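In what follows, a single structure is set out as C-alpha cells and then discussed.
The values are calculated or read from the model by the stated rules, or taken from the named source; none is laboratory data. Owing to the predicted nature of the structure, the values given are computational and were not obtained by experimental measurement. Please note: Cβ atoms are built from the backbone with ideal geometry, for glycine as well, and neighbour counts cover all protein chains shown.
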Amino acid sequence: MIPIDADHIGRVYRVGDHVDTDAILPGRYLALRDPEELGRHCFEALDPQFCTRVKAGDILVAGRNFGCGSSREHAPIALLAAGIRAVIAASAARIFYRNAINLGLPVLISPNASAQMKAGEPATIRLGAGLIRQGDASWRADPLDGEVAAILAAGGLVERTRRRLANHDTRGTAHG
Amino acid sequence: MAKTIAEKILARHAFEGDVSSGRIVTIAPDVLLLNDVSGPIAFDRFKAMEARRVASPERVVLVADHFAPASDIASASANRMLREFASTYGIAHHYEPGRGGIEHALLAELGMVDHGAVVFGADSHTCTAGALNALGMGFGSADLAAALATGSLWLRTPETIRIDLTGSPAGFVTGKDVALSVTRELKEDGGLGAVLEFGGPGLAHLGMDERFAIANMAVEAGADACAFEGDEVSAAYLATRRRDTGPPMLPDDGAHYRSRLSIDLSALSPLIARPPSPASVVPVESVAGERVDQVYIGNCANGSLTDLRQAASILKGRRVAPGVRLIVVPATQQIMRTAMAEGLLEILAAAGAVIGPSTCGACFGGHFGILAAGETAVATTNRNFRGRMGHPDSHVFLASAWTAAAAAVAGKIVSPATLSRDADA
Ligand code: SF4
C-alpha cells in the first residue's frame, strides 16, 4: 500500500467516465482467484496492452462513476496486480470504492484533478493530506471518512478486522 | 425528525442512535447473501481475518448461481468451497442447482426478507430486495467476510431520492419499462449516494415480479439501494412465504429527499436500452428493425413467472425466426416448476426456445449463451456494458420479456404491440 504520510510518485494512466467493473475485469474470469492471473486480464478489451504498459506504482485517473456495475472484488484485485497503486476519480461507484479501500487501494475523489491531470506523466499523492500534485498544478481531494482512513491505516479491511477480532472489539455480534 | 423509509429501516438495525443521511453508522443486517463468485474470495478473507466463527449462521444464505452447474474446473472448485463453508460453519441456507436458483429471485422466494429488513449481499443486485419494502445493499467479498465474522458493517447513511409513480401502465408496458424509465431519468450515476424510494398511487398497478424488476436496476442508476413502500401487494406476497410479517414501513410526512421524480405509468411505452449503457434508453420503436442473433429471457430481474407468461403469450403458436437463438432461463427452480405446470415451457419450447437451468449463465458473460464478435442480442437482463455477454464487439439491448419475445419471432427488434397487431390482421 502507498504510504499515508509520505509522498507516493506514480505515472498517470487515464480512463473515461462510467468505466464499469466488467471493463476492468470481464465476467468470464470470475471463477479465478489468483491475483496475478486476474491482473493479466485487467482492462483487456479497453487496452490489450494495459498490463504491459502499466508499471508498479502507477496512478489510475478516471472520470465520473468509476467502477460502476458489478460488485466483483476481482476488479480492484486485478488493478492492484497490474500495478495500479492509487485511483483518482471525479466520482466512484459505492461498491467499487469500498472494495478498493478494503484492499488498500486508495480512491481519491477530485473532479478537478480528474479533469486536469495529464496522462503518461508522473504525479505525486500525499494520501493523508488528500494532496495531489502534477507539474505545477495541485489539487485537494475530498477528505476520507474516519472509517476509510482507519481501514487504510491498518493496510486494509482484513487486517483491521483481524485486529478487532483479536481484541474482541466486535460490537456487531449482537445477534451472535 | 421526519424520516424516509431507508432512514427508518437503517435505524432499526443500527448501533447508533442518530441515523440520518450523511451519518456513519454500524448496521447489523438480517440476511447475508453470498454466491459462488463472491463467496470463495470472502471465505479466503474470513480465514485471513482469523475469524473462528460466523456471527449468525442462520442469517447467512449461500447460493451457487453464477457458474452453476459448474462450467469448468475452476468454477467446480468454487462451488465446492461454498459447500464446504456451509458445512464447516453450520449454514443451513446453502442452495445448489435443482433446489435453488438465481440468488436475488431465490432470496425473495425463501421468505427471508420481511418488510423493514436489511440484506447485505456480496452482489450488486442485492438492491432487488427493495421491492419487499426492505433495504438490500451490495458489497464486495472483503466486506461480507467482515460481516460474516462480526455480524455488522459500517456505512454512510445514504440520502433518499423519492420516485412517485402515478397512472396505470398501458398494454405491453411492464416493470422493466419502468426500470428503464428510471435509468433514463437518473442516468448511470444520478443515484450515487442515495436510496431510490418508490411509492405513489401507481404502485398498486405493479405486481411483485414487476417491482423486483424495477428494484433490481436501482444500482444501474448508481443508487446505494432502493426501497418500495410496503402495501397489500407486498404483504400478500410475504404472507404466503413467512409465518409472520412485519408492518409495512412508510416514510414520514416531511421526510427530507435529495430530489423527487414523478413517473406517469400511463405515459410509458415499451422501452429499450441501447448498448453499451443501461441508461441509454429509447422507445422500442426508435430502434425497430435492428437485426438480432440471440434473445435471452432470464436473469435475477426478469426471469420471473410474469416474464415467462409474457414471453409465452407472444410465442404461443409462433416460431422463433430462423437464424435466431432464443434462450429462456427461469430464475429459480420453483419458477421453472410453476412454468412447467402452467404449460409455459411447452409453449416456449414448441416455438424453438432452449430452456436453460436457473443460473446467471450468459447474463454476465459466464456460460450458456455467450455472444460472438459482431452479434446482437436482446436480453431481459440488467446490464449491457461492452462485452457483458461475451465478445467486446457484441451488442446487447435490454428490454422486457414482451419486447424480447417479439424480437425472437421477428428476428429483429419490433414493438410487441406491432407484432400482435400483425397476428390479428
Ligand atoms: S442474473 Fe446476472 S445480474 Fe443477476 S445476479 Fe446473476 S449475473 Fe448478476
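Suppose we filter B:193, B:138, B:151 for residues that are facing chain A (nearest Cβ under 10 Å), modelled with pLDDT of 95 or more and crowded, with 24+ Cβ neighbours inside 10 Å; which single one remains? I'd like the intermediate steps shown before the answer.
On the way: B:193 fails: crowded, with 24+ Cβ neighbours inside 10 Å; B:151 fails: crowded, with 24+ Cβ neighbours inside 10 Å.
On inspection, the qualifying residue turns out to be B:138.
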Residue pairs within 8 Å by beta carbon, gap of at least six or interchain, first lying in region A:4-15 and free of Cβ contacts under 8 Å to residues at least 60 places away in the same chain, second part of a strand (DSSP E or B) and charged (D, E, K, R), listed first then second, are none
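For (1) on the phi > 0 side of the Ramachandran plot; (2) within 11 Å of chain B (Cβ to nearest Cβ); (3) touching a His at 6+ places or on another chain (Cβ under 8 Å); (4) part of a loop (DSSP other than H, G, I, E, B), each residue gets a yes or a no:
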| position | (1), (2), (3), (4) |
| --- | --- |
| A:56 | no, no, no, yes |
| A:61 | no, no, no, no |
| A:84 | no, no, no, yes |
| A:95 | no, yes, no, no |
| A:101 | no, yes, no, no |
| A:104 | yes, yes, no, yes |
| A:114 | no, no, no, no |
What number of residues within region B:170-191 are in contact with an Asp or Glu (Cβ under 8 Å, 6 or more places away or on another chain) and over 13 Å from residue B:211 (Cα atoms)? 3
How many residues of region B:135-170 are within 24 Å of residue B:205 (Cβ to Cβ) and acidic (Asp, Glu)? The answer is 1
Options B:20, B:56, B:77: the member that is away from the ligand (no atom under 16 Å from the Cβ) and at pLDDT below 95: B:20
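Within region B:288-367, considering only helices (runs of 4 or more DSSP H) that don't extend past its boundaries, which have at least 1 residues that are within 16 Å of the ligand (Cβ to nearest atom)? Write out each step before concluding.
Numbers: elements: B:299-302, B:305-315, B:333-341, B:344-351.
Because the criterion is at least 1 residues that are within 16 Å of the ligand (Cβ to nearest atom), the helices (runs of 4 or more DSSP H) in region B:288-367 that meet it are B:299-302, B:305-315, B:333-341.
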Just to be sure before I move on: is residue B:12 under 26 Å from residue A:167 (Cβ atoms), part of a helix (DSSP H, G or I), among the basic types (Lys, Arg) and not assigned by TED's automatic domain parsing to the domain that holds residue B:304 in the structure I sent? no
Looking only at region B:79-91, decide whether some residue is of a type in the set (Ser, Thr, Tyr), surrounded by 15 or more Cβ atoms within 10 Å (Cβ to Cβ) and within 26 Å of the chain's Cα centre (by Cα). no
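When residues of region B:368-381 are filtered for being among the hydroxyl-bearing types (Ser, Thr, Tyr), touching a Ser or Thr at 6+ places or on another chain (Cβ under 9 Å) and assigned to a loop (DSSP other than H, G, I, E, B), how many remain? Quick ask: steps written out before the conclusion?
So the first thing to find is which residues in region B:368-381 are among the hydroxyl-bearing types (Ser, Thr, Tyr), and the list is B:376, B:380-381.
Going one step further and asking which of them are touching a Ser or Thr at 6+ places or on another chain (Cβ under 9 Å), we end up with B:376, B:380.
The next check asks that each one be assigned to a loop (DSSP other than H, G, I, E, B); those that pass are B:380.
Residues flagged as among the hydroxyl-bearing types (Ser, Thr, Tyr), touching a Ser or Thr at 6+ places or on another chain (Cβ under 9 Å) and assigned to a loop (DSSP other than H, G, I, E, B) within region B:368-381 amount to 1.
Residue-wise test of (1) surrounded by fewer than 18 Cβ atoms within 10 Å (Cβ to Cβ); (2) modelled with pLDDT of 95 or more; (3) within 22 Å of residue A:89 (Cβ to Cβ).
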| position | (1), (2), (3) |
| --- | --- |
| A:14 | yes, yes, yes |
| A:17 | yes, yes, yes |
| A:24 | no, yes, yes |
| A:31 | no, no, no |
| A:36 | yes, yes, no |
| A:42 | no, yes, yes |
| A:48 | yes, no, no |
